[in-house]
1. Over the alpha carbons of region 3-98, what is the largest minus smallest coordinate on each principal axis, giving the biggest first in Å?
2. For a test of understanding, tell me how many lysine pairs in region 21-99 have Cα atoms under 20 Å apart, given they are 8 or more places apart or on different chains.
3. With the cut-off at 1.5 for a/c, could you classify region 37-87 from its C-alpha gyration tensor as rounded, prolate or oblate?
4. Using only helices, what value at 222 nm comes out for the chain when you add -39,500 (n - 2.57) per DSSP H run of length 4 or more and divide by the total residues, to the nearest 500 deg cm²/dmol?
5. Restricting everything to alpha-carbon atoms, can you work out Rg to Rh for region 1-52 with a Kirkwood hydrodynamic radius?
6. What net charge is computed for the residues neighbouring PHE17, neighbours being all others with C-beta under 11 Å from the C-beta of PHE17, Lys and Arg scored +1, Asp and Glu -1?
7. Report the FRET efficiency, 1/(1 + (r/R0)^6), for TYR79 and MET1, where r is their Cβ-Cβ distance and R0 is 30 Å, rounded to 0.05.
Amino acid sequence: MKIMNCPLNGPRNISEFVWGGEVKPMPDPAATSDQDWAEWLFLENNEAGIVREWWCHVPTSFWFIAERNTVTDEILKTYPAGDVFKSRVDFAAKAEKQS
């Protein structure tokens, strides 16, 4: 049985989690084309080695970041997303500026 350490709930069976994609910088919503948004949303780098990824603990809907070696599938570290992202994007304010 594979165990992942959830930053909120502690060690849990891997079956309780879903993968959410790579952690990557978000493009500027006000200056990005539809094509660039689609690429950012749906295309992954799929690099071999250590990557930062979004994971969700499904029973609690808690999203966090894990560092995982994609070659060995070893989970090296998990931590709350707030450790990386210190502020939220205000999409409503950006939409008003475009109007």
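Computed from the coordinates by the stated procedures, all read-outs in this text should not be read as laboratory data. Keep in mind that what you see is a predicted model, and the values were worked out from it rather than measured. Because the Cβ atoms are built from the backbone with ideal geometry, glycine has one as well, and the counts that use them run over all protein chains shown.
1. 46, 28, 20
2. Numbers: LYS24/LYS77; LYS24/LYS86; LYS77/LYS86; LYS86/LYS94.
Lysine pair count for region 21-99: 4.
3. Values: a/c = 1.62, a/b = 1.11, b/c = 1.46.
Verdict is oblate for region 37-87.
4. Numbers: 2 runs with 17 residues, N = 99.
Value at 222 nm, helices only, nearest 500: -4500 deg cm²/dmol.
5. Working: Rg = 15.3 Å, Rh = 13.7 Å.
My calculation of the ratio gives 1.11.
6. Numbers: positive: LYS2, ARG12; negative: GLU16, GLU53.
Net local charge, PHE17 excluded: 0.
7. Details: r = 23 Å, r/R0 = 0.76.
Between TYR79 and MET1 the formula returns 0.85.
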